[in-house]
Amino acid sequence: MTDANPARTGDPRRPRPVVLRPMAPIVPRGNVSGSALVIVIAIMSFLCCMTLGSVTMVRETAESWQGQISREITIQVKPADGADMDLALDSVRTSVLSFSGVLSAEIVDRAATARLLEPWLGSDFSMDDLPVPRLVIITIDETAPPDFGAIRQALAEAVPQAALDDHRAWTDRLIAMARTTIVIGIAVLTLMLATTMLTVIFATRGAMAGNRHIIEVLHFVGAESGFIASQFQRRFLIIGLKGASVGGCAAGLTFLALSIWQQASMATPLADQASALFGRFLLGGAGYVGIVFVIALIAGMTAITTRLTVIRTIREIDRERADPSFGELD
Amino acid sequence: MIHFENVGLRYGMGPEVLRDLTFDIPKKSFQFLTGPSGAGKTTLMRLLFMSLHPTRGLIRMFDRDISSIGRDELPLLRRRIGIVFQDFRLLDHMTTYENVSLPLRVRGKDESTYRSDVIELLKWVGLGERINVLPPVLSGGEKQRVAIARALIDQPEILLADEPTGNVDPPMAQRLLSLFIELNRLGTAVVIATHDLTLMDKVDARRMILSEGRLDIYD
């Protein structure tokens with residue numbers, strides 16, 4: 001055969017060299033179904049990552065409530081006839097501080113107690129006229145809590161009118177609520193992931209339907225199934241990554257924007273209400289790792305679906321070969 | 001090279017559209033496959049290309065019983081066959097050059113090893129000036145020649161062409177026929193399915209005539 005790229009001799013009689021464009025990919029880059037698939041994947045990834053972020057946030061908030069309440073216990077000292085309240089409070093504090101696992105003991109002073117009662121009794125009542133109980137707030141070591149039974153016994157001996165409230169009832173309820181919230185969140189996330197996977201699978205198969213003729217031609221010119229599958233898999237992995245990254249980044253940015261808004265509008269009624277309900281709009285490390293995981297999962301699922309669709313299409317072509325009733329008569 | 005023995009084929013539960021076909025296609029042979037429309041020419045071409053399985057009978061391709069050929073082996077055997085489909089089956093996002101080089105590309109060959117061969121072949125089929133053109137812009141005859149070039153690029157042992165002159169004018173049909181004859185002279189067996197009597201009259205070649213599912217051969 002002749003030389004297609006004649007030596008550059010400058011001879012005007014020689015044919016001019018053929019200029020070729022860079023080889024087109026075997027699977028075309030852009031078409032309507034491919035763009036639609038990117039959009040579908042982006043939307044589903046966004047929703048999935050938002051759900052994941054919300055679950056992470058709720059979990060952290062619930063854990064924070066749980067931690068806050070289980071770090072403190074309260075001792076209530078009731079007034080008793082002839083007993084000196086200040087002496088009793090000091091005695092309680094001294095007694096409690098002697099136990100290991102107790103980090104601090106703080107007496108709620110008269111002014112603070114008055115403030116606590118103000119909503120019910122008004123500002124101009126006299127504490128001396130009423131049998132107002134006083135509180136000692138004890139901070140404990142969560143990891144090595146003190147022996148509450150021993151504290152109760154010591155208090156009964158030292159200050160009989162003192163009663164220990166270890167918040168166990170509240171803690172148990174909050175733990176139960178936090179766990180329920182997390183389980184519900186994980187269930188919602190699972191449903192969201194399943195929906196996303198199914199949507200991605202059907203959207204990918206839809207986009208692939210328009211490529212059947214390419215699979216047929218490749219199959220008939222002698223391409224092996226693995227080669228055809230890898231060509232499509234590569235193209236659709238890029239589509240999946242593009243869509244999932246857009247959706248995941250959008251979710252991350254949404255959380256970032258909400259966090260900035262929360263910081264900027266701190267101490268306003270709206271932000272306070274939002275903080276009370278949802279906690280801080282801040283994704284922790286787990287949240288960002290989760291988003292990356294969702295992106296990888298969706299992109300991987302797109303590629304795997306593509307591979308399976310290609311292999312199934314080739315099998316359909318081969319089934320037609322085995323069962324001629326699929327064919328056409330000429 | 002190809003051997004059919006008592007081959008029959010039916011679609012579903014319908015009647016047999018091909019009955020008791022027994023013939024050989026020797027190496028380096030040249031034959032026309034003809035018959036009226038609906039006689040089963042395309043079906044027989046598909047049997048030859050192994051894209052259909054017979055309902056009964058024995059087919060041996062390249063000394064292999066096709067009923068024993070596995071799914072993974074099929075692409076490798078098909079590489080020894082060049083096929084020109086009636087509807088061309090070109091990929092619209094690829095240029096003429098890219099379509100013709102596709103069989104080599106899927107075999108994992110480096111472009112630098114076949115670039116000059118593809119360009120040379122395109123010039124040979126009269127498409128030297130249409131190398132960078134996409135199929136939607138090509139005429140029917142040009143598409144036909146691209147499909148032929150694609151079938152020939154890897155020097156197959158046999159070329160199957162289904163109505164290769166169906167979309168071209170008589171001078172182009174004559175040119176394509178000359179191309180097939182030249183190819184055959186170089187050692188490739190050729191099977192041309194056609195009902196163009198004028199074309200067949202121009203070559204003294206074997207004629208396989210399909211009629212009502214049966215095959216008569218005139219050497």
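Structure notes:
- Residue that is surrounded by the most Cβ atoms within 10 Å (Cβ to Cβ) [pool: residues in segment A:54-91 that are charged (D, E, K, R) and free of Cβ contacts under 8 Å to residues at least 60 places away in the same chain]: A:ASP90
- Some residue of segment B:143-157 being surrounded by fewer than 22 Cβ atoms within 10 Å (Cβ to Cβ), within 12 Å of chain A (Cβ to nearest Cβ) and basic (Lys, Arg): no
- Residue list for segment B:198-216, filter: in a strand (DSSP E or B) and within 19 Å of the chain's Cα centre (by Cα): B:ARG206, B:ARG207, B:MET208, B:ILE209, B:LEU210, B:LEU215
- Segment B:29-56 - residue that is facing chain A (nearest Cβ under 10 Å) and closer than 14 Å to B:ILE81 by Cα and, of those, surrounded by the fewest Cβ atoms within 10 Å (Cβ to Cβ): B:MET50
Let's see how each residue does on (1) part of a helix (DSSP H, G or I); (2) under 30 Å from A:VAL55 (Cα atoms); (3) within 31 Å of the chain's Cα centre (by Cα); (4) away from chain B (no Cβ under 14 Å):
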{"residue": "A:ALA207", "(1), (2), (3), (4)": "yes, no, yes, yes"}
{"residue": "A:GLU216", "(1), (2), (3), (4)": "yes, no, no, no"}
{"residue": "A:ALA229", "(1), (2), (3), (4)": "yes, no, no, no"}
{"residue": "A:PHE232", "(1), (2), (3), (4)": "yes, no, no, no"}
{"residue": "A:ARG235", "(1), (2), (3), (4)": "yes, no, yes, no"}
{"residue": "A:GLY240", "(1), (2), (3), (4)": "yes, yes, yes, yes"}
{"residue": "A:CYS249", "(1), (2), (3), (4)": "yes, yes, yes, yes"}
{"residue": "A:THR254", "(1), (2), (3), (4)": "yes, yes, yes, yes"}
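- Checking each residue in segment A:133-158 for being acidic (Asp, Glu) and at pLDDT below 85 picks out only A:GLU142.
- Candidate set from segment B:1-15 (those that are surrounded by 15 or more Cβ atoms within 10 Å (Cβ to Cβ) and touching a residue at least 12 places away in the same chain (Cβ under 8 Å)); member that is farthest from B:LEU177 (Cα to Cα): B:ARG10
- Residues in segment B:83-98 that are facing chain A (nearest Cβ under 9 Å) and touching a residue at least 40 places away in the same chain (Cβ under 8 Å): B:ILE83, B:PHE85, B:GLN86, B:ARG89, B:LEU90, B:LEU91, B:ASP92, B:HIS93, B:MET94.
- Screening B:GLY187 with (1) in a loop (DSSP other than H, G, I, E, B); (2) under 11 Å from B:GLN31 (Cβ atoms); (3) not polar (S, T, N, Q) gives one miss only, at (2).
- Residue count, segment A:92-147 (criterion: among the aromatic types (Phe, Trp, Tyr), free of Cβ contacts under 8 Å to residues at least 12 places away in the same chain and surrounded by 13 or more Cβ atoms within 10 Å (Cβ to Cβ)): 1
- Criterion applied to A:GLY327, A:GLY287, A:GLY279 was being at pLDDT below 90, touching a helix residue (DSSP H, G or I) at 6+ places or on another chain (Cβ under 7 Å) and under 13 Å from A:GLY248 (Cα atoms), and the one residue passing it is A:GLY287.
The values are calculated or read from the model by the stated rules, or taken from the named source; none is laboratory data. Model, not experiment: these values are computed from the prediction. Heads up, the Cβs are rebuilt from the backbone with ideal geometry, glycines too, and the neighbour counts pull from every protein chain shown.
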